[in-house]
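Comments concern the structure below.
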Amino acid sequence: MEQLHYLLMKTHTNLNRRIMGQAAALGLSSGQPKVLECLLACGESNQKSIARFCEIEQATVGSILTRMERDGLVCRAQRAGNRRSLYVSLTERGREKALQMQQIFRRADARATAALTPEEQQQLRTLLERVCAAVTTENEEWNP
């Protein structure tokens with residue numbers, strides 16, 4: 001039986017490969033699908049909020065947003081009264097791509113859980129949330 005860390009990595013790699021293959025066919029590059037998902041779910045957001053949602057560094061989000069703005073997927077603007085932060089929103093083209101990615105994500109989830117009953121799917125989500133919480137604890141020492 002394979003170890004848990006390997007099974008999680010292998011599952012992520014294979015699922016991500018399928019998703020990114022379909023994203024590339026839409027003209028999207030790495031990081032862009034998750035940013036589109038964030039903006040579709042949350043609406044207008046600042047770079048810090050997007051980074052938190054996507055679990056990536058703010059500087060990385062900045063370079064992703066620059067490419068997305070160049071490609072007409074997002075626009076950045078200041079809000080009245082807040083000159084320090086730029087807020088990002090989807091353009092119509094970005095919204096279309098985000099909705100297409102939403103369907104790709106749904107199909108990927110469905111395929112990944114096709115062999116599970118609805119109860120097993122819920123149990124899997126619950127267990128993965130607990131595992132994720134356990135490995136994202138920042139104050140615990142990982143070395144014995």
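Is at least one residue of segment 113-129 among the polar types (S, T, N, Q), more than 21 Å from Arg17 (Cα to Cα) and in contact with a strand residue (DSSP E or B) (Cβ under 8 Å, 6 or more places away or on another chain)?
Taking segment 113-129 as the starting set, the residues that turn out to be among the polar types (S, T, N, Q) are 113, 117, 121-123, 126.
Now narrow it down to the ones that are more than 21 Å from Arg17 (Cα to Cα): 117, 121-123, 126.
Retained after the next criterion (residues that are in contact with a strand residue (DSSP E or B) (Cβ under 8 Å, 6 or more places away or on another chain)): none.
Looking through segment 113-129, none of the residues is among the polar types (S, T, N, Q), more than 21 Å from Arg17 (Cα to Cα) and in contact with a strand residue (DSSP E or B) (Cβ under 8 Å, 6 or more places away or on another chain).
Would you confirm, using the coordinates I've provided, whether Glu69 is in contact (Cβ under 8 Å) with a residue 40 or more places away in the chain, farther than 28 Å from Met9 by Cβ, surrounded by 12 or more Cβ atoms within 10 Å (Cβ to Cβ) and of a type in the set (Asp, Glu)? Break it down stepwise before answering.
Details: in contact (Cβ under 8 Å) with a residue 40 or more places away in the chain: no; farther than 28 Å from Met9 by Cβ: yes; surrounded by 12 or more Cβ atoms within 10 Å (Cβ to Cβ): yes; of a type in the set (Asp, Glu): yes.
Judged against the criteria, Glu69 is not a match.
Given the options Gln102, Gln78, name the one that is among the polar types (S, T, N, Q) and surrounded by 14 or more Cβ atoms within 10 Å (Cβ to Cβ).
Values: Gln78 fails: surrounded by 14 or more Cβ atoms within 10 Å (Cβ to Cβ).
Unique residue meeting the criteria: Gln102.
Going by the structure shown, is Met9 in a helix (DSSP H, G or I), surrounded by 15 or more Cβ atoms within 10 Å (Cβ to Cβ) and either touching a residue at least 24 places away in the same chain (Cβ under 8 Å) or not basic (Lys, Arg) (or both)? I'd like the intermediate steps shown before the answer.
On the way: in a helix (DSSP H, G or I): yes; surrounded by 15 or more Cβ atoms within 10 Å (Cβ to Cβ): no; either touching a residue at least 24 places away in the same chain (Cβ under 8 Å) or not basic (Lys, Arg) (or both): yes.
For Met9, the condition - in a helix (DSSP H, G or I), surrounded by 15 or more Cβ atoms within 10 Å (Cβ to Cβ) and either touching a residue at least 24 places away in the same chain (Cβ under 8 Å) or not basic (Lys, Arg) (or both) - is not met.
Run Tyr87 past the list (1) at pLDDT 95 or above; (2) surrounded by 14 or more Cβ atoms within 10 Å (Cβ to Cβ); (3) of a type in the set (Ser, Thr, Tyr) and report the number of the one that doesn't hold.
Among (1) at pLDDT 95 or above; (2) surrounded by 14 or more Cβ atoms within 10 Å (Cβ to Cβ); (3) of a type in the set (Ser, Thr, Tyr), Tyr87 violates only (1).
The values are calculated or read from the model by the stated rules, or taken from the named source; none is laboratory data. Here the structure is a predicted model, which means the values were calculated and not measured. Note that each Cβ is placed from the backbone with ideal geometry, even for glycine, and that neighbours are counted across all protein chains shown.
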